[in-house]
Amino acid sequence: MDWIYGIHAVQTMLKSAPQRVAELHVQSGRQDDRLQKIHNLADQHGITMQLMSVKKLDAKAQGKHQGVMALCRPGETYDEKFLLGLAEKHGSNTFFLMLDGVTDPHNLGACLRSADGAGVQAVIVPKDNSVGLTPTVQKVACGAAESVPLVTVTNLTRTLDKLQNMGAWVVGAAGEAKKLIYDIDLNGPIVLVMGAEGEGMRQLTRKQCDFLAKLPMGGEVESLNVSVATGICLFEIVRQRSIK
């Protein structure tokens, strides 16, 4: 089990997966509205709170706790069967994000947060060469790790092939692409594929994409951090869909 810290992260956990909360520690003596919401959710789900001084919370926490921390059972990850069911359910509105080999927990957490904000229905990662739902991922995601399904698959290209056979278009981000992300029609069922930090997509994944797209770079750096680039690409999809 892992600790999560912070009002937003704990509040999201209590809303979306209260059964995962094994212990809940809350700062004593605080009467503000934000912490009161934690109290209300705990009462609603029958979760006992342990009131602690801020000094004790500081000693126990390994991050900024904002007066609340929760010991949580492992988060649930999903498989390819679940993913294909989602694709069938959403049809022409399918909107998935695939991360090919993202191993930095801060990047995965940030990508999950952007995915949640953009309305992505699932984030897909490989079983190997990828970071899982660690406490750091959950903290950086600010609750998105509990609201966006994280799907782990054995073979990314095989999964993409199955999604393509169901009608999805696969768009991969690559610095050497000829087209900008803004020049591609991103309406319809879309799987956006982002590569690992530094290395980008693996060759097999790249070959499976229907389109490759890049971001316009006007400075000296050749590429952006994967979580930043992911956010830009996701919200270009959102922009195009909102116009339609």
Just checking, which of Gly63, Gly109, Gly101, Gly91 is assigned by TED's automatic domain parsing to the domain that holds Arg206, touching a strand residue (DSSP E or B) at 6+ places or on another chain (Cβ under 8 Å) and touching a residue at least 24 places away in the same chain (Cβ under 8 Å)? Gly101
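Residue by residue, here is whether (1) closer than 30 Å to Trp3 by Cβ; (2) under 21 Å from the mean Cα position of the chain (by Cα) holds:
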| site | (1), (2) |
| --- | --- |
| Glu146 | yes, yes |
| Val153 | yes, yes |
| Leu156 | no, yes |
| Thr159 | no, yes |
| Ala173 | no, yes |
| Lys179 | no, no |
| Leu186 | no, yes |
| Pro189 | no, yes |
| Val193 | no, yes |
Is one or more of the residues making up segment 2-21 crowded, with 16+ Cβ neighbours inside 10 Å and either among the acidic types (Asp, Glu) or over 17 Å from Lys139 (Cα atoms) (or both)? yes
Go through Phe82, Phe95 for me and flag whichever is of a type outside the set (D, E, K, R), at pLDDT 95 or above and buried (at least 18 other Cβ atoms within 10 Å of the Cβ). Phe95
Any residue in segment 26-41 that is assigned to a strand (DSSP E or B), surrounded by 15 or more Cβ atoms within 10 Å (Cβ to Cβ) and touching a residue at least 12 places away in the same chain (Cβ under 8 Å)? yes
Going by what's in this entry, would Thr230 be described as in contact with an Asp or Glu (Cβ under 6 Å, 6 or more places away or on another chain) and in a helix (DSSP H, G or I)? no
Using the structure shown, decide if Ala22 is touching a strand residue (DSSP E or B) at 6+ places or on another chain (Cβ under 8 Å) and modelled with pLDDT of 90 or more. yes
Can you pull out the residues in segment 206-227 that are surrounded by fewer than 15 Cβ atoms within 10 Å (Cβ to Cβ) and not in a loop (DSSP other than H, G, I, E, B)? Lys207
State whether one or more residues within segment 44-53 are farther than 16 Å from Gly143 by Cβ, assigned to a helix (DSSP H, G or I) and modelled with pLDDT of 90 or more. yes
Limited to segment 108-135, what total is found for residues that are more than 22 Å from Ser92 (Cβ to Cβ), among the small types (Gly, Ala, Ser) and out of contact with any Ser or Thr (no Cβ under 6 Å at 6 or more places or on another chain)? 3
Hey, can you tell me all the residues within segment 181-205 that are part of a helix (DSSP H, G or I), touching a residue at least 24 places away in the same chain (Cβ under 8 Å) and more than 23 Å from Ala110 (Cβ to Cβ)? Asp183, Leu204
Being surrounded by 16 or more Cβ atoms within 10 Å (Cβ to Cβ) and within 20 Å of Asp128 (Cβ to Cβ) narrows it down to one of Val170, Val151, so name that one. Val151
Strands (runs of 3 or more DSSP E) completely within segment 59-167 that count 1 or more residues being under 30 Å from Ser28 (Cα atoms): 68-72
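The values are calculated or read from the model by the stated rules, or taken from the named source; none is laboratory data. Being a predicted model, the structure only gives us computed values, none of them experimental. So basically every Cβ, Gly included, is an ideal-geometry build from the backbone, and we count neighbours across all protein chains shown.
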